[in-house]
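Asker: Quick one: the structure is below, and I'll ask about it shortly.
The values are calculated or read from the model by the stated rules, or taken from the named source; none is laboratory data. None of the values given here were measured: they were computed from a predicted structure. Glycine gets a Cβ as well: all are built from the backbone with ideal geometry, and neighbour counts include every protein chain shown. Protein only, heavy atoms only, side chains kept; ligands, DNA and RNA dropped before computing areas. Shrake-Rupley method; radii C 1.70, N 1.55, O 1.52, S 1.80 Å.
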Amino acid sequence: MLSSAPSVLAALCLVVSSSVAAQAAPQTAPQAPAVKSATTVTVIAQKEPADPATLPVSVTAVPADLLKAAGVIFISDAAMFSPNTHFTEFTARKLSNPRIRGIGASPANPGVVTYVDGVPQLNANSSSFDFVDVDQVEFVRGPQSALFGRNALGGVINISSVRPSLTDWSGNASVPFGSDSQFDVRANANGPIKTGTLAVGFAGAYSMRDGFTTNQVTGNDLDSREASSIKGQVLWTPTPNWDVRLIISGERARDGDYALNDLDAVRSNPFQVARDYEGHTDRDLMQTAILARHEGKYVTFTSTTGLLNWKTFDTTDLDYTPLPLATRNNTEEAKQFTQEVRFASTGGDRARPDHYVALRWQAGAVVFTQNYDQNAQNNLAPFVLSPFINFPVVQTSPLAALDDLGMGVYGQGTLAFSGRVDVSFGMRYDRERRDANIVTSFDPAIAAGTLVDERRTFSDVSPQVAVAVNLRPGSILFGSASRAFKAGGFNPVAIPGSEVYDQERAWNFEGGIKTGTTNGRFTLAATVYSIDWSDLQLNLAIPGAPGQFYIDNVGAATSRGVELEVMGRVCDGLDLFGGVGTTKALFDGGTTLNGIDLSDNKIPNTPAFTTTVGAQYSKEMRPGHRLYGRLEVVTTGAFEYDEANTQRQDAYTLTNVRAGIAVKRLFVEGWVRNAFDTRYIPLAFAYPGFTPSGFLGEPGRPRTWGINVGIGF
């Protein structure tokens, strides 16, 4: 597992780079010499590029080498490297919600915000996509609103694209294929058009697989996946101090239906459903990022412009039975614009022993707009709503237009005293205006519809203070305190009186140590944290409206935990790594929901612990020929499915194995995920009415295996 300690991050990069195997980084052939010292890692966990060894924040960086070594192509799979990080993810990629240290939320108002090339994904429906030309993923744990604003209550996930080379052309291509008719084609190339000044990059992927789940009514598989992805880049450096990048990426996904079934049925007979109606989930995603940076003698200027469009359409059997009772058609679409400008001190100077103090600073401003539209219909058969309604009814729930306009200003300063102690202060002010026009209705008009036409304004101030004591190069002792918030808003559909929800706030306190040996052969990181948050936003099922949810503020909660990560090089070519995170997240006393006392109940979808242990071995048989192998054992602790703690998933362990051979520019490798075919149910939620258990759930991925063949230049 990777650590917030830079040395741990670097060491795990080292683990991979010492193995040619793992489909080398996109710029190089899949081959690399053994490395004897730690590789430098740079993160943007606090906006400006920095060595994580100097940052008083818990951050795990997963570079391209490691993503490829572990076969990671989705953000949820990368989460195994970050302690106390858990994804609630459906079979259709549209629904993938991160949770860090117990904090998460509805996709419409996530508690962990994902940035893609500096552009925030304000709705989680756009944050899970096939990795194409991804250079690094960062998991920044703990509230980060002092720099990132509204949706960083639980943390930040940064996804960065590979930077095109200004000096040499490189690229690779691979063809993974395997069980369940899996077939992929992946390729990328980048290089200079004008050496030193202009470069371009291109990448694309096509992937498909059959579903894991069979519909017993028709014999068809249900939860298939298929997607095409592209990415194009232009890098222009007109002068040594200017750097401008244009990144355009898109994905066209055509996934099957949700593999949902009654929870008891999933436990007794997974991957089997019985439905009269088979749906599907489509998503089209397009993002443009324009990044400009100028490094002056004293001040660095950065501009990030983002344009994001996404549209989804999903249709499903709403009753999840062989009977023709209810179906749902749901269309969602969003257009988002973000603009951020930032000024910072150049060079990130640190005080030397012969200088008493040095100052590093940054200040910036952000504006954004988001226009979200939803049109959803529930098609209900006669007698479903009532024994007295003997005709079909179409319920529009909802027809909604939600428009947001927001801005934020922030600043951070760090005083470095004699190269030994760094003291940081930061603060951000956010203000957001939200407009809602929401209609629900019936056809025929068996009951009066509802109309919400309102405007609300939310604002907040998020401070942060941190201290880091530099014990020696590569080792720090740190502590921090920060306050974060999540904006309020409107529910497209809700029970009467809950159309509007309020802001959620949290205080976070943490302290830790990052250390390691100077040669990088051993590293360790340890963190202790405590979070207290109020006006907790929960994503709740609407009684009598299957498959529909709304956000409501429910009392207060606390989260306490520990994170520990270590890595060691036993001998040349053999590396061992491991880590553990614990979370105890509970509702505070006096918290109630619909008349149910939640005092001291566990926060749902929050594993009690997460662990990852593994090893990687690489051996050069002769010049240009290398054998390699990798093993990961990932355990997820028990967690509750609902606020009342009536249903839960016990702890489960997944084992992943990968091994291969690289001969100069060619490589062939085999892999197995969930090698022991562990059965588990990673998500379930209350669904009274149609299900005997009162819950719907989806089984986790079964054992899958495959072969990957590739070439690099």
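Asker: Can you find even one residue in the stretch 110-118 that is among the hydroxyl-bearing types (Ser, Thr, Tyr) and assigned to a loop (DSSP other than H, G, I, E, B)? Give the steps one after another, and end with the answer.
Answerer: In the first step, residues of the stretch 110-118 are kept if they are among the hydroxyl-bearing types (Ser, Thr, Tyr); the result is 114-115.
Checking the rest, the ones that are also assigned to a loop (DSSP other than H, G, I, E, B) come to none.
Scanning the stretch 110-118 turns up no residue that is among the hydroxyl-bearing types (Ser, Thr, Tyr) and assigned to a loop (DSSP other than H, G, I, E, B).
Asker: Restricting attention to the stretch 270-279, does a residue exist that is in a strand (DSSP E or B), touching a helix residue (DSSP H, G or I) at 6+ places or on another chain (Cβ under 7 Å) and either closer than 30 Å to Ile681 by Cα or of a type in the set (Phe, Trp, Tyr) (or both)?
Answerer: Filtering the stretch 270-279 for residues in a strand (DSSP E or B) gives 272-273.
Of the ones still in play, those that are also touching a helix residue (DSSP H, G or I) at 6+ places or on another chain (Cβ under 7 Å) are none.
Looking through the stretch 270-279, none of the residues is in a strand (DSSP E or B), touching a helix residue (DSSP H, G or I) at 6+ places or on another chain (Cβ under 7 Å) and either closer than 30 Å to Ile681 by Cα or of a type in the set (Phe, Trp, Tyr) (or both).
Asker: Would you be able to tell me the number of residues in the stretch 543-583 that are charged (D, E, K, R), assigned to a strand (DSSP E or B) and under 30 Å from Ala615 (Cβ atoms)?
Answerer: As a first pass, look at the stretch 543-583 and keep what is charged (D, E, K, R): 552, 560, 563, 565, 569, 572, 575.
Those still in the list that are assigned to a strand (DSSP E or B) too: 552, 560, 563, 565, 569, 575.
Still in the list and also under 30 Å from Ala615 (Cβ atoms): 563, 565, 569, 575.
So the answer is 4.
Asker: Quick one: Gly196 ticks every box in (1) within 27 Å of the chain's Cα centre (by Cα); (2) modelled with pLDDT under 95 bar one, so which box is it?
Answerer: Checking Gly196 against (1) within 27 Å of the chain's Cα centre (by Cα); (2) modelled with pLDDT under 95, the one that fails is (1).
Asker: Turning to a different aspect of this structure: Return the pair list, or none, for Cβ contacts closer than 6 Å from residues in the stretch 491-502 that are crowded, with 16+ Cβ neighbours inside 10 Å to residues that are hydroxyl-bearing (Ser, Thr, Tyr), at least 6 apart or on different chains.
Answerer: Going by the 6 Å Cβ cut-off, the qualifying pairs are Asn491/Tyr550; Val493/Ser397; Ala494/Tyr550.
Asker: Okay, next question. Identify all residues within the stretch 570-593 that are of a type outside the set (Val, Ile, Thr), over 27 Å from Thr527 (Cα atoms) and in contact (Cβ under 8 Å) with a residue 12 or more places away in the chain; write none if there are none. Even if it seems obvious, please write down each step before you answer.
Answerer: Applying the first criterion (of a type outside the set (Val, Ile, Thr)) to the stretch 570-593 yields 571-579, 581, 584-590, 593.
Still in the running and over 27 Å from Thr527 (Cα atoms): 571-573, 590, 593.
If the condition is that a residue be of a type outside the set (Val, Ile, Thr), over 27 Å from Thr527 (Cα atoms) and in contact (Cβ under 8 Å) with a residue 12 or more places away in the chain, then Asp572, Gly573, Gly590, Leu593 are the ones that fit.
Asker: Still on this structure: Within the stretch 95-105, does at least one residue satisfy the condition of being among the basic types (Lys, Arg), open to solvent by less than 10 Å² (accessible area, probe 1.4 Å) and within 12 Å of the chain's Cα centre (by Cα)? Spell out the reasoning first.
Answerer: Going residue by residue through the stretch 95-105, those that are among the basic types (Lys, Arg) are 99, 101.
Still in the running and open to solvent by less than 10 Å² (accessible area, probe 1.4 Å): 101.
When the remaining residues are screened for being within 12 Å of the chain's Cα centre (by Cα), the result is none.
The answer is no, given that none of the residues of the stretch 95-105 is among the basic types (Lys, Arg), open to solvent by less than 10 Å² (accessible area, probe 1.4 Å) and within 12 Å of the chain's Cα centre (by Cα).
Asker: Further question on the same structure: Do we find a residue being open to solvent by 20 Å² or more (accessible area, probe 1.4 Å), without any contact (Cβ under 8 Å) to a residue 60 or more places away in the chain and more than 28 Å from Arg254 (Cα to Cα) anywhere in the stretch 62-71?
Answerer: Within the stretch 62-71 (the criterion being open to solvent by 20 Å² or more (accessible area, probe 1.4 Å), without any contact (Cβ under 8 Å) to a residue 60 or more places away in the chain and more than 28 Å from Arg254 (Cα to Cα)), the answer is yes, since at least one residue qualifies.
Asker: Can I ask one more? Just checking, how many residues over the stretch 591-627 are at pLDDT 90 or above, open to solvent by 40 Å² or more (accessible area, probe 1.4 Å) and on the phi > 0 side of the Ramachandran plot?
Answerer: Looking only at that region, the number is 1.
Asker: Restricting attention to the stretch 655-700, which residues are under 26 Å from Thr85 (Cβ atoms), surrounded by 15 or more Cβ atoms within 10 Å (Cβ to Cβ) and of a type in the set (D, E, K, R)?
Answerer: Result: Arg658, Arg673, Glu698.
Asker: On to the next question. Could you check Thr518 against (1) over 30 Å from Val394 (Cβ atoms); (2) part of a strand (DSSP E or B) and say which number it fails?
Answerer: Status for Thr518: all satisfied but (2).
Asker: If you check every pair at least six apart or on different chains, which have Cβ atoms under 6 Å apart with a residue in the stretch 679-703 that is charged (D, E, K, R) first and a residue that is assigned to a strand (DSSP E or B) second?
Answerer: Listed pairs, sorted by first residue: Glu698/Leu683.
Asker: Same structure, new question: If you scan the stretch 661-713, which residues turn out to be assigned to a loop (DSSP other than H, G, I, E, B), closer than 21 Å to Thr636 by Cα and not β-branched (Val, Ile, Thr)?
Answerer: Step one: list which residues in the stretch 661-713 are assigned to a loop (DSSP other than H, G, I, E, B), which gives 664-665, 674-682, 687-694, 699-703, 713.
Within this subset, residues satisfying the condition of being closer than 21 Å to Thr636 by Cα are 674-682, 699-703.
Listed by number, the residues that qualify are Asn674, Ala675, Phe676, Asp677, Arg679, Tyr680, Pro682, Pro699, Gly700, Arg701, Pro702, Arg703.
Asker: Answer yes or no as to whether Glu432 is assigned to a strand (DSSP E or B), charged (D, E, K, R) and open to solvent by less than 20 Å² (accessible area, probe 1.4 Å).
Answerer: Numbers: assigned to a strand (DSSP E or B): yes; charged (D, E, K, R): yes; open to solvent by less than 20 Å² (accessible area, probe 1.4 Å): yes.
Here the answer is yes, as Glu432 does meet what is asked.
Asker: While we're looking at this one, here's another question. Can you pull out every residue in the stretch 628-653 that is without any contact (Cβ under 8 Å) to a residue 40 or more places away in the chain, open to solvent by 30 Å² or more (accessible area, probe 1.4 Å) and either touching a strand residue (DSSP E or B) at 6+ places or on another chain (Cβ under 6 Å) or outside any loop (DSSP other than H, G, I, E, B) (or both)?
Answerer: Leu631, Val633, Arg648, Thr653
Asker: Here's something else I'd like to know. Just need a number here: residues in the stretch 76-90 that are in contact with a strand residue (DSSP E or B) (Cβ under 8 Å, 6 or more places away or on another chain) and part of a helix (DSSP H, G or I). Even if it seems obvious, please write down each step before you answer.
Answerer: Residues of the stretch 76-90 that are in contact with a strand residue (DSSP E or B) (Cβ under 8 Å, 6 or more places away or on another chain), as a first pass: 76, 78-90.
With the extra rule that they be part of a helix (DSSP H, G or I), the set shrinks to 76, 78-81.
Total meeting the criteria: 5.
Asker: Taking the stretch 124-138 as the region of interest, how many residues are over 17 Å from Thr85 (Cβ atoms) and open to solvent by less than 10 Å² (accessible area, probe 1.4 Å)?
Answerer: The number of residues fulfilling the criteria is 3.
Asker: Right, another one. Just the residues that are more than 9 Å from the chain's Cα centre (by Cα) and more than 22 Å from Ala253 (Cα to Cα), please, taken from the stretch 111-123.
Answerer: Of everything in the stretch 111-123, those that are more than 9 Å from the chain's Cα centre (by Cα) and more than 22 Å from Ala253 (Cα to Cα) turn out to be Gly111, Gly118.
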